[in-house]
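Each value in this text was obtained by applying a stated rule to the coordinates, not by laboratory testing. Note that this is a predicted model, so its numbers are computed, not measured. Because the Cβ atoms are built from the backbone with ideal geometry, glycine has one as well, and the counts that use them run over all protein chains shown.
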Amino acid sequence: MAADDTQAQRLYDTVSRLYPICRSVTGNGVRETLAILAEQIPLEIHEVPSGTAVLDWEVPDEWNIADAYIADDSGRRLVDFRACNLHVLNYSVPVDAEMSLEELRPHLFSLPDQPDRIPYRTSYYERNWGFCLSDRQLVSLTPGRYRVRVDSTLEPGHLTYGEVVVPGRLDDEILVSSHVCHPSLCDDNLSGIAVSAALARLLLDGPTPRHTVRFLYAPGTIGTISWLAHNRSTAHRIRHGLTLTCLGDAHPFTYKRTVGGDAVIDRAAAHVLARDSAANQVIDFFPYGYDERQYNAPGFRLPVGSLMRGRHGQFPEYHTSGDDLSFVTGARMVQSLELLRSIVEIVDGDRHLVNLEPFGEPQLGRRGLYGALGGQNLPDGQLAMLWVLNLSDGTHSLLDIAERADIAFESVRATAALLEEHGLLAEAGGDALPG
Amino acid sequence: MAADDTQAQRLYDTVSRLYPICRSVTGNGVRETLAILAEQIPLEIHEVPSGTAVLDWEVPDEWNIADAYIADDSGRRLVDFRACNLHVLNYSVPVDAEMSLEELRPHLFSLPDQPDRIPYRTSYYERNWGFCLSDRQLVSLTPGRYRVRVDSTLEPGHLTYGEVVVPGRLDDEILVSSHVCHPSLCDDNLSGIAVSAALARLLLDGPTPRHTVRFLYAPGTIGTISWLAHNRSTAHRIRHGLTLTCLGDAHPFTYKRTVGGDAVIDRAAAHVLARDSAANQVIDFFPYGYDERQYNAPGFRLPVGSLMRGRHGQFPEYHTSGDDLSFVTGARMVQSLELLRSIVEIVDGDRHLVNLEPFGEPQLGRRGLYGALGGQNLPDGQLAMLWVLNLSDGTHSLLDIAERADIAFESVRATAALLEEHGLLAEAGGDALPG
Amino acid sequence: MAADDTQAQRLYDTVSRLYPICRSVTGNGVRETLAILAEQIPLEIHEVPSGTAVLDWEVPDEWNIADAYIADDSGRRLVDFRACNLHVLNYSVPVDAEMSLEELRPHLFSLPDQPDRIPYRTSYYERNWGFCLSDRQLVSLTPGRYRVRVDSTLEPGHLTYGEVVVPGRLDDEILVSSHVCHPSLCDDNLSGIAVSAALARLLLDGPTPRHTVRFLYAPGTIGTISWLAHNRSTAHRIRHGLTLTCLGDAHPFTYKRTVGGDAVIDRAAAHVLARDSAANQVIDFFPYGYDERQYNAPGFRLPVGSLMRGRHGQFPEYHTSGDDLSFVTGARMVQSLELLRSIVEIVDGDRHLVNLEPFGEPQLGRRGLYGALGGQNLPDGQLAMLWVLNLSDGTHSLLDIAERADIAFESVRATAALLEEHGLLAEAGGDALPG
């Protein structure tokens, strides 16, 4: 509890520090974000020059912004980037002009359905400028002359991403990927970033995992496309993966499957979510959402699912100023971290074992593994033992057994470890895999 | 609407002209029927001599009938073939005799459950004669002497069937098969015949389909057996097929699957019926019904399903004088034609395409294929594009994609065509198949 | 009815004669039990010496018991083996001592939830002694001195099992296995033993089955382990199997699947149970219960399911003195026998046949196999014929056809036999298998 409270505070602090920064797909906002993460984990930073061809794409010019506002003719700032960086259409080209409301109007974006919230809008691949504001403010604007300023630069530079690799005993990798391009939106995706970094820290401080675990912090789409372009020949090492988003809100968990739909990561997530709460849900893949789109593309088909609480576009605060520091809590991020860790532990720990005494049941009693007094019903732990022995024929993994027996993976894993100690189980094709 | 009205009138007119003809598995009724169809479509007529061995069967003697009646001792016709050709047991041998009611009785067939309707009965393979009449009339017959006359011939002749082939770019065929052996029964199967001929006309007048489309008009069982016997070495070209029956009544649609149950025709029909109305249903194959029985036999296993509205034996008018000109409408036959056309378009248009930029998503924006303003939810058409790109890996056909994405096949097809135009998709193994 | 009454009486008599015997995993109780069965069926008796290594186990010392009691200081027997052999902890080592209630207490077992019943308890693999008694009696024991006597022997001897083999035309075997180690418990498993012996008698007296049918009567776990150890190289001949238990109580039937879950025996049992009563149920395998655990172990994977009425541990009388002669009836054992026989007949009679006239339907009428009068719905028997003809393509067995057509296996089998007679069907790869 105390440890959880500390973890909750740490996660919330990370989100709070990252919240004010104006991020985009390129620029210093991402660099500052990664620098803060680098205080927690040994992040390796990559800079990809503008103009670099990455898969079917090209890295765009780098965007930075110092200030932006709409002022009235008295010079009073009506819409002010310094108050909330969502006010600027992300990737706005510079503008410095005076114009009528009529000229300004096509550059203003609001949410008539949520009149008090500022929407989040971008224009990455079409040069444009604009402001986002509450609909209440928009409708209050009176005809007249407005001073419009976006003090941004859009010039050759770099796209920045960071990664940290926790070395495992296998070259096979588990990928945990979080997009880092959104400005002041807490749930989407500062929560995902903070939870990801916390898991990286836990794994770095814990025993060596079987799989190598890679944590990627990249701008959405173009950042991940850049990573894939630079890792095209080794990306196949990713045997299990997750994108993380919206892990601090109050919704139950949703896991979105890989395009194949029956990967180990899909089954591990379903196992954990079902045992966590009946309110959690597992949904099918669809080719929209976050960077699972890129990983699951037909040229890669990396089995990367997506873990979230609130679903992309399905809650009103999504991509609005409502996704602020009050929308997320540290306690909920701790829950998300624990659930994520359980999923990663399953995909990391899933193995195929072989019963070394497969002809009938081995005599457990002689080994002190069985209650001596017969004629009664069987304690649960012993049923787990019988399941593991029966299904450990080289074709069933521990997760297969947990699913078939409807027993928590962790119990199956611990039972298997005990049977391994007693010489009743061994890793299938054990020489090939370093345990 | 006007076009539909014209089509409806044309379909109803065809049924009206065919209605009075006394058809059977052989004889002039089938010839007259095919002659009327030949006014609409370039029908090739085949005549198979009686006694010809066809598979396990033999073509029977040809049956023709000029007149038939039961008269009372005053010479008044009580049951008269000229009033309704259902009155004669189809394939009755000639008879000309006077007899008591007691002697006549075993030759009379009625429907006690539907006392006003005349049943349709046949005796193709056992030489017999008989009369069908309403039960009301049957019970009113008083003991006495009756004059009984069937002026038929049953002699060596021919079995007649017709077919029309719409040439496609492939040798692979789509078969549309309708039985033409029933006498004055509108729904079963003048509606099927009329709808089939209308589709043939539309395809002949339209662009060349990918598949060759064959329309067969043959007497049930023995006619189809004859066709199969004469086309045994090429029947395997049929890759998709349908038998048509009962397409003018007021029931929702039923599609009966092929024996395999998961053929492309099964999936195409299910896709179209589900999107047409929740009242439509898809049922499993069973080895009874119409000529799908023969096509699905183990020696052929041609994937031929069956499309109908009212189901074989499941509505009271079935195989009775209730299946008359008031039981079918042109508007309903137009609906049937449209639905049939949609199914045929799917099986004809289903292809396997390959994404040519499969590493991540291609940059659609650069090609003008994507809304430029980000941060919002995705319009439906763009989701179709992402689905087609993601699943076009050579293993998923367009129908697979439509099913997986739950998008109408036509939208998927049109989206794929657009992506093909932009060089993002190409036919899998494109050289082998002429597009 | 009369035959059933006789059979019911015979089954109940067998149970009644076996009831008083004190059985265990070794000892004279099993020998006496098998001797009674040997009056009905030609049982071959096997004796396995104590200390014999069997798979991962070792045959234990042989246990026999002459008497046992707890007496008060006046010599009055309070708990008396002669009244009910459940009173002794099965496999108790000898004891002859006087002790306080406090010393005695850890050796006493009762059922506080069912205060009038004596539990059944064993201590096969840990040397111990003890008494089982009703909780009402237990709580009535007053402090004082007690005379405790178990007049048993636990010495090198043998483990005994019996088997009878009904020779078939194939070497492939059907196994019917019943545990014979329980003392005075009628349902579990005198009912299983009696029903098994009755089926063996019926098969011995009937026509030669296709499969060789083996009936095994062995002590649970160690007895079956011994049989498997002695038959390790030929056990693979078992193609279908069942363990029998609890076949005389009033519960509907439960069939427990093999670990594979889709063996022919699983499908045959599901077919029979579903057609017998909607109250019957089929449950998945779990690695506990009776000797199906051993047969389904990964080194053997013999497809052995389990047939029962009341389920292991799921009814209050289970493993208590409540499972007495009033808990079972002969009529229910007759039902069990009939159901078991139906299942065995399916797995024995399931064959793959091939339609010899597979091109379209054969002309059944010519062969007198079809009603001559057409135009009406089809009688059920003729639909069975069409199903058998359509699906007899070498890939569907008779059971596949029965399942697909939803027709009783026996109808499908009889229909296939008729078509075989008429030369329309033949055994697939018929030379290899003797019919």
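What the table shows:
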read-out	value
For segment B:189-203, 3J(HN,Hα) per residue [Karplus equation, 6.51 cos²θ - 1.76 cosθ + 1.60, θ = phi - 60°, Hz, x = Gly/Pro]	8, 5, 5, x, 5, 5, 5, 4, 5, 5, 5, 4, 4, 4, 6
Proxy reagent accessibility, fewest Cβ within 10 Å first, across A:ILE174, C:ILE21	C:ILE21, A:ILE174
For the protein assembly as shown, with +1 on Lys and Arg beta carbons and -1 on Asp and Glu, the positive-most of B:TYR69, C:SER226, C:THR395 along the dipole	B:TYR69
7 Å along Cα→Cβ, label-point gaps from A:ARG145 to other copies, nm, shortest first	12.2, 12.2
For the axis carrying chain A to chain C: nearest C-beta residue of A, whole Å	A:ASP262, 11
Euclidean distance of C-alpha centroids, segment C:279-305 and segment C:135-159, integer Å	35 Å
Residue-averaged [θ]222 nm for chain A, counting only DSSP H segments that reach four residues, each worth -39500 (n - 2.57)	-9000 deg cm²/dmol
Size of charge dipole - chain B - debye, nearest 20, with Cβ of Lys, Arg +1 and Asp, Glu -1, no other charges	180 debye
Relative contact order (%) - criterion: Cα under 8 Å, at least six apart; region: chain A	16 percent
Positive minus negative residues near B:HIS319 (Lys, Arg vs Asp, Glu; Cβ under 12 Å)	-2
Rough spin-label spacing in nm, given labels placed 7 Å along Cα→Cβ, for C:ARG77 and B:GLU44	9.8 nm
Charge-dipole axis of the protein assembly as shown as Lys and Arg at +1 and Asp and Glu at -1 on Cβ define it, positive-most pick from C:THR160, B:LEU216, B:PRO112	B:PRO112
C:TYR146, C:TYR255 arranged by Cβ crowding within 10 Å, fewest neighbours leading	C:TYR146, C:TYR255
Total charge dipole magnitude, segment B:222-366, about the Cα centre, Cβ charges on Lys, Arg, Asp, Glu only, Debye to nearest 20	340 debye
Backbone HN-Hα couplings from phi across segment A:403-415 [Karplus 6.51/-1.76/1.60, Hz, Gly and Pro as x]	5, 5, 7, 6, 10, 4, 3, 4, 5, 5, 4, 5, 4
Rounded FRET efficiency, nearest 0.05, which uses the C-beta distance separating A:SER16 from A:SER100 and R0 of 45 Å	0.65
Likely footprinting exposure, B:ARG149, C:ARG293, fewest C-beta neighbours within 10 Å first	B:ARG149, C:ARG293
Length-normalised contact order of segment C:22-126 in % [C-alpha pairs under 8 Å, at least 6 apart]	19 percent
Rounded to 10°, Cα long-axis angle of helix B:380-391 versus longest principal axis of chain B	90 degrees
Between segment C:239-269 and segment B:203-246, the alpha-carbon center distance in angstrom	48 Å
Whole-Hz couplings from phi, Karplus 6.51/-1.76/1.60, listed for segment B:46-60; x for Gly and Pro	10, 10, 10, x, 3, x, 5, 6, 10, 6, 7, 10, 9, 5, x
Amide proton proximity set for A:ASP67, modelled H, under 5 Å, gap of 5+	A:ASP151
Test item: A:404-410 mean partner chain Cβ contacts at 10 Å	1
Relative contact order, percent, segment A:86-197 [alpha-carbon distance under 8 Å, six or more residues apart]	30 percent
Crossing angle, helix C:264-276 versus chain C [Cα axis fit, 0-90 degrees, rounded to tens]	90 degrees
Shielding by partners - mean other protein chain Cβ count within 10 Å, residues of C:285-295	4
Sequence-distant residues sharing a close amide H with C:HIS240 (under 5 Å, placed H)	C:GLU173, C:LEU175
Under-5 Å amide H pairs with B:VAL88, H placed in peptide plane, nonlocal only	B:CYS132
FRET efficiency estimate (nearest 0.05) - Cβ-Cβ, A:GLN382 to C:GLU410, R0 35 angstrom	0.25
Furthest towards positive pole of dipole, A:PRO298, C:LEU86, A:PRO42, structure part the protein assembly as shown, Cβ charges	C:LEU86
For the protein assembly as shown, convex hull volume per residue from C-alpha positions, Å³	242 Å³
Debye, to nearest 20: dipole size of the protein assembly as shown, +1 on Lys, Arg Cβ, -1 on Asp, Glu Cβ	500 debye
Averaged over C:350-360, number of beta-carbon atoms from partner chains that fall within 10 Å	5
